[in-house]
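Student: Mind looking over this structure? Questions follow.
The values are calculated or read from the model by the stated rules, or taken from the named source; none is laboratory data. No experiment lies behind these values; they were computed from the predicted model shown. FYI the Cβ positions are ideal-geometry reconstructions off the backbone, even for glycines, and counts take in every protein chain you see. Ligands, DNA and RNA are stripped out before the accessible areas are found, and what is left, the full protein with its side chains, is counted by its heavy atoms. Shrake-Rupley method; radii C 1.70, N 1.55, O 1.52, S 1.80 Å.
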Amino acid sequence: MIQLLFTVIAAEMALILTLLFRTPLRKLVILSLDRVKRGKGPIVVQTIAGTVFVVLISSVYSMVKIQNRMIEAGEVNPTDQVLMSNHLLEASLMGFLLFLALMIDRLHHYIRELRLLRKTMEVAKKQIRASEDASTEKLKSLGEEATTLRSKITKLEAEVEAKTKEANAAEAETEALRKQSEEYLLEYDRLLEDNQNIRNQLESIEHGSS
């Protein structure tokens, strides 16, 4: 049994080293552990770990019994001493085996969590890049729209200025025509008055000649 325990411990240590360093074999080991933790795998592992723990307790109990027997006898029995050493070695190996198994489980868990975290970060980075690209495109579109609006405003200002000049010119022309019409009216009134005076003079001449 001690040879079996040494073999299992060596395998566990090799597995831990494989998990610690990034190699092509590491991915295969992680996939294997993923499969072991699916379905009935956890139940089988827990059963084996429970059996080893029970055997560990049994070895400790046997050690306590041997120790008590040696104390009661008051002398060291070579057979008990050999059994004591054997049980102590088995208990130490089984405890170390369970500890390495726990380390493998925790390493696999943290590696898987790290992979999920990296994938989440990659997705977040992609989303951030996409939002930045969209923002850049939106800003570019808004800039182009602002440039178009500026050109339209400039054009409208030019048109308003031209219309204002035309309106001012028309107003000036209207004022000139009004003044000219007033002059014409004054001239017309003057001509009417001259005409009336001429008629009056003609009538006076006619009356005088008659």
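Student: I'm trying to understand the selection: among the residues of region 122-145, which are of a type in the set (Gly, Ala, Ser) and either at pLDDT 90 or above or under 18 Å from the mean Cα position of the chain (by Cα) (or both)?
Tutor: Result: Ala124, Ala130, Ser131, Ala134, Ser135.
Student: Tell me yes or no: at least one residue of region 60-74 is closer than 22 Å to Gln3 by Cβ and without any contact (Cβ under 8 Å) to a residue 24 or more places away in the chain.
Tutor: No, every residue in region 60-74 fails to be closer than 22 Å to Gln3 by Cβ and without any contact (Cβ under 8 Å) to a residue 24 or more places away in the chain.
Student: Please enumerate the residues belonging to region 89-112 that are closer than 15 Å to Val54 by Cα and either in contact (Cβ under 8 Å) with a residue 60 or more places away in the chain or aliphatic (A, V, I, L, M) (or both).
Tutor: Passing the criteria: Glu90, Ala91, Leu93, Met94, Phe96, Leu97, Leu98.
Student: Within region 1-36, which residues are more than 11 Å from Met94 (Cα to Cα), touching a residue at least 12 places away in the same chain (Cβ under 8 Å) and not aliphatic (A, V, I, L, M)?
Tutor: Scanning region 1-36 gives Glu12, Asp34.
Student: Something else: List the helices (runs of 4 or more DSSP H) inside region 1-119, counting only whole elements, that have at least 1 residues being more than 39 Å from the chain's Cα centre (by Cα) and either exposed (fewer than 14 other Cβ atoms within 10 Å of the Cβ) or of a type outside the set (Ser, Thr, Tyr) (or both).
Tutor: Because the criterion is at least 1 residues that are more than 39 Å from the chain's Cα centre (by Cα) and either exposed (fewer than 14 other Cβ atoms within 10 Å of the Cβ) or of a type outside the set (Ser, Thr, Tyr) (or both), the helices (runs of 4 or more DSSP H) in region 1-119 that meet it are 2-20, 41-73.
Student: For Ala172, only one of the following conditions fails: (1) open to solvent by less than 90 Å² (accessible area, probe 1.4 Å); (2) within 60 Å of the chain's Cα centre (by Cα); (3) of a type outside the set (Val, Ile, Thr). What is its number?
Tutor: Condition (2) is where Ala172 drops out.
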